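Everything below concerns the one structure shown next.
Derivation of every value follows stated rules applied to the coordinates shown; laboratory data play no part. From a predicted model like this one, the values you see are computed outputs, not experimental measurements. Cβ placement follows ideal geometry from the backbone for every residue including glycine, while neighbour counts extend to all protein chains displayed.
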Amino acid sequence: MSYYKVDNLEQYFKHYNKSIREPRKFWGKIAEENFTWYQPWDKVVEFDMTEADVQWFAGAKLNVTKNCIDRHLNKRGEKTAIIFEPNNPDEEALHITYNELHQRVCKMANVLREQGVKKGDRVCIYLPMIPELAVAILACARIGAIHSVVFAGFSSKALATRIIDSESKMVITSDGGFRGSKTIELKEIVDEALQKCPSVSTVLVVKRTNTAVNMKEGRDIWLQPLLDEASDNSVAEIMDAEDPLFILYTSGSTGNPKGMVHTTAGYMVFTAYTFKNVFSYEENDVHWCTADIGWITGHSYILYGPLLNGATTVIFEGVPSYPDHSRFWQVIEKHKVSQFYTAPTAIRALAKEKLEYVQKYQLNSLKVIGSVGEPINEEAWHWFNDHVGNKKCPVVDTWWQTETGGIMISPLAFITPTKPTYATFPLPGIQAVLMDDKRNEIEGNQVVGSLCIKFPWPGMARTIWNDHQRYKDTYFSQYPGKYFTGDGALRDEVGYYRITGRVDDVIIVSGHNLGTAPIEDAINEHPAVAESAVVGFPHDVKGNALYGYVILKETGEIRNKENLFIEINQHITDHVGPIAKLDKIQFVSGLPKTRSGKIMRRILRKIAEGNFTDYGDTSTLLNPEIIEEIQNEKK
Ligand code: ATP
Ligand code: MG
């Protein structure tokens with residue numbers, strides 16, 4: 001019996017039970033039957049969860065690019081591996097076959113080697129969403145260098161911090177990047193960052209925008225001439241299962257970004273398995289994940305997961321609003337996308353726009369639509385389901401983290417019945433538990449608690465780069481022996497999970513624990529509301545009271561805000577209960593968000609408290625200017 005693909009709900013339970021009773025057999029069989037190894041492992045898993053010491057497939061030898069590319073060449077050499085859709089819809093899309101990808105990655109690998117990059121070296125990749133980004137990542141993996149991708153929307157300061165922390169010796173960047181109507185001067189940002197980064201000896205520069213740039217003698221080299229000279233034959237480095245594959249920094253929604261380290265074999269097995277099952281991937285499906293490759297979602301579900309399955313994956317350079325708000329839908333029609341995977345922030349933004357944008361395009365190639373990054377509120381879920389999925393595509397609300405490497409709790413498309421706002425069941429192999437305040441595991445259903453995972457899974461991060469103590473303290477100390485996710489969740493009567501928000505954001509009002517997600521959900525149900533964020537602020541009687549920041553839809557109609565406040569509180573009373581009513585409301589034009597699109601609640605909390613200083617690390621903020629506006633308008 002193969003465990004690689006779950007075919008129906010009954011089988012899900014079978015596989016799930018097997019994965020808990022015999023995790024070694026379960027993952028061992030999956031690893032053995034679906035991947036190429038130079039040498040098998042000695043032990044499937046060894047761990048000490050109190051020391052945060054976990055090893056999967058130790059003793060095995062492999063190269064992940066052999067699995068992503070080489071092994072497909074016989075059967076799928078001429079199949080499209082990557083569809084590149086440029087920022088400008090008038091620029092032609094590129095179809096890169098597996099053969100071509102192999103060639104490109106080998107050439108790039110040879111360039112890296114010639115430039116002195118060795119196994120274990122860190123290479124910082126700061127590129128826009130162009131094929132070279134994928135090629136650079138895979139070339140690092142080919143030669144055993146550790147890639148550290150930094151989202152190309154980050155400032156020079158944020159980039160410098162990450163280069164310094166990872167001690168990267170090389171940066172791969174481009175002259176610039178296209179994003180909507182803007183051109184971003186990436187090379188200039190790199191130059192500024194490198195003033196503070198003595199570890200970097202080489203900068204490889206891709207030409208994309210033809211912007212004039214400074215090339216520093218002895219350090220900066222145009223990439224293309226090197227590629228032209230390079231051989232397209234490159235022997236893959238033989239890696240140990242537990243050799244680091246990459247470092248990736250978390251979004252920084254809750255504090256300083258953490259450099260999560262993912263290792264080779266476990267990450268490979270986990271992303272391949274989760275991709276296949278969550279999206280119910282079938283040969284010839286076209287997969288489009290709209291995340292940037294600079295986030296874990298892009299690593300796992302634009303690159304590694306799809307390529308490991310020999311899939312066709314879309315890399316989209318642009319933004320959803322350029323040239324207009326129909327861009328996503330146009331791309332789906334154009335490339336006949338089968339699985340469309342995006343984030344609640346994008347869904348909410350597009351749902352605010354006219355429906356004609358969606359209705360203009362044929363979306364009937366879609367089979368599965370997915371969401372990740374934040375709790376998806378009920379209204380957004382329905383909009384996505386009704387207008388994008390046309391009520392026939394399962395919506396996979398996938399809960400996971402940079403730290404988990406891959407999807408942990410999610411419906412399996414066509415198998416798990418979906419339920420709005422619920423991430424539903426943990427995937428096979430994922431032992432999710434809820435913990436109470438006294439650190440006891442909460443048994444049974446219809447319960448609420450802190451979400452932990454009590455057994456290792458192959459895709460989990462192994463450490464924080466250069467700071468194992470922080471890794472241990474952050475994730476393994478609150479609930480000894482368990483991985484603590486930092487998120488709160490409830491488990492409904494059938495065992496479905498709903499993520500209610502960060503545990504740190506839970507607000508205790510008159511002794512009741514309130515998660516932010518269900519309250520925001522209720523607020524967003526109001527027809528005039530586009531988006532909202534709720535935080536607590538100190539209150540003499542209740543301990544804490546609720547402060548709501550609300551963005552209104554641009555309906556054009558002028559409403560009485562006093563009435564709106566009353567109506568919104570009525571919605572909360574109806575959906576959650578009177579205990580969760582807002583004490584204060586502030587109508588705002590935007591919310592502080594990370595560059596990955598998440599609301600930074602810690603800043604909103606400070607403002608609600610009237611404490612306008614000490615916002616902590618805000619380098620990952622997309623719209624810092626909004627802070628002042630909200631501050632000034634606070635009553
Ligand atoms: P940092 O850890 O630096 O504060 P971050 O937690 O935002 O940043 P990520 O790893 O990108 O960094 O995000 C993971 C978090 O995103 C989860 O812990 C969870 O809070 C939220 N999340 C992701 N997917 C979902 C989902 N489907 N439903 C609810 N929440 C989600
Ligand atoms: Mg986090």
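Rounded to the nearest 500 deg cm²/dmol, what is the calculated helix-only ellipticity per residue at 222 nm for the chain, with -39500 (n - 2.57) per DSSP H run of length n ≥ 4?
Mean residue ellipticity, 222 nm, calculated: -8500 deg cm²/dmol.
Where does the charge balance sit around Lys61 when Lys and Arg score +1, Asp and Glu -1, over other residues with C-beta under 12 Å from its C-beta?
-4
For a protection proxy built on the mean count of beta-carbon atoms within 10 angstrom, sort 208-219, 91-102, 478-489 highest first, please.
Ranked by mean Cβ neighbours within 10 Å, highest first: 478-489, 91-102, 208-219.
Pop out the ³J(HN,Hα) list for the stretch 323-338 in order, Karplus 6.51 cos²θ - 1.76 cosθ + 1.60 with θ = phi - 60°, rounded to Hz; leave Gly and Pro as x.
Result, ordered by residue: x, 8, 6, 9, 4, 4, 5, 5, 5, 4, 5, 4, 9, 6, 5, 9 Hz.
Where a ≥ b ≥ c are the square roots of the eigenvalues of the C-alpha gyration tensor, would you call the stretch 1-46 rounded, which needs a/c under 1.5, or, failing that, prolate if a/b is larger than b/c, or oblate?
oblate
Any chance you could run the full-extension gain for Thr36 through Ser199? It's 0.36 nm times the residue separation minus the Cα-Cα distance, nm to one decimal.
Between Thr36 and Ser199, full extension yields an extra 55.2 nm.
Taking a spot 7 Å from the Cα of Asn364 along the direction of its beta carbon, which residues of the stretch 300-335 have an amide N less than 19 Å from it?
Counting only backbone N, you get 329-335.
Could you list Phe316, Phe270 in order of exposure, starting from the residue whose Cβ has the fewest other Cβ atoms within 10 Å?
Ranking Phe316, Phe270 by Cβ neighbours within 10 Å, fewest first, gives Phe316, Phe270.
Could you state the angle between the C-alpha long axis of helix 561-575 and the longest principal axis of the C-alpha atoms of the chain, as a value from 0 to 90 degrees rounded to the nearest 10?
80
Mind checking which lysines have their Cα closer than 20 Å to the Cα of Lys419? Skip sequence neighbours fewer than 8 apart in that chain.
Partners found: Lys367, Lys391, Lys392.
Tell me the relative contact order for the stretch 472-564 as a rounded percent, counting alpha carbon contacts under 8 Å between residues six or more apart.
17
Can you list the aspartates and glutamates whose alpha carbon sits under 19 Å from that of Lys352, skipping same-chain ones fewer than 8 residues off?
Qualifying aspartates and glutamates at Cα under 19 Å: Asp324, Glu374, Glu378, Glu379, Asp386, Glu520, Asp521, Glu525, Glu531, Glu554, Glu557.
Expressed as a whole number of Å, what is the distance separating the alpha-carbon centroids of the stretch 109-145 and the stretch 441-487?
31
Give, rounded to the nearest 20 debye, the magnitude of the charge dipole that the stretch 328-418 has about its Cα centre when Lys and Arg contribute +1 at Cβ and Asp and Glu contribute -1 at Cβ.
I would put it at about 420 debye.
If I stretch the segment between Phe414 and Lys392 completely, what's the gain in nm (0.36 nm per residue apart, minus their alpha carbon distance), one decimal?
6.9 nm
Give the angle, between 0 and 90 degrees and rounded to the nearest 10, that separates the Cα long axis of helix 9-21 from the longest principal axis of the Cα atoms of the chain.
Tilt of helix 9-21: around 70 degrees.
Mind sorting Arg76, Arg462 by how few other Cβ atoms lie within 10 Å of their own Cβ, fewest first?
By the 10 Å Cβ count, ascending, the order reads Arg76, Arg462.
Angle, helix 156-166 long axis vs. longest principal axis of the chain, Cα atoms, 0 to 90°, nearest 10?
With rounding to tens, the tilt is 60 degrees.
Over 21 Å between C-alpha atoms is what I'm after, so list which of Lys336/Lys360; Lys29/Lys66; Lys196/Lys472; Lys157/Lys258; Lys119/Lys276 land there.
Beyond 21 Å: Lys196/Lys472; Lys119/Lys276.
If you keep only loop residues by DSSP, which chymotrypsin sites (Phe, Trp or Tyr not before Pro) in the stretch 491-557 have at most 10 other Cβ atoms within 10 Å of their Cβ?
Passing both the DSSP loop test and the Cβ count: no residue.
Mind checking which lysines have their Cα closer than 17 Å to the Cα of Lys182? Skip sequence neighbours fewer than 8 apart in that chain.
The reachable lysines, counting only those whose Cα sits under 17 Å from Lys182, are Lys207.
Could you list which residues have their amide H under 5 Å from that of Thr263, counting only those 5 or more apart in sequence or on another chain, with H placed in the peptide plane?
Leu245, Arg462
Rounded, prolate or oblate: pick one for the stretch 510-634, where a ≥ b ≥ c are the square roots of the eigenvalues of its C-alpha gyration tensor, a/c under 1.5 means rounded, and failing that, prolate if a/b is larger than b/c, else oblate.
oblate
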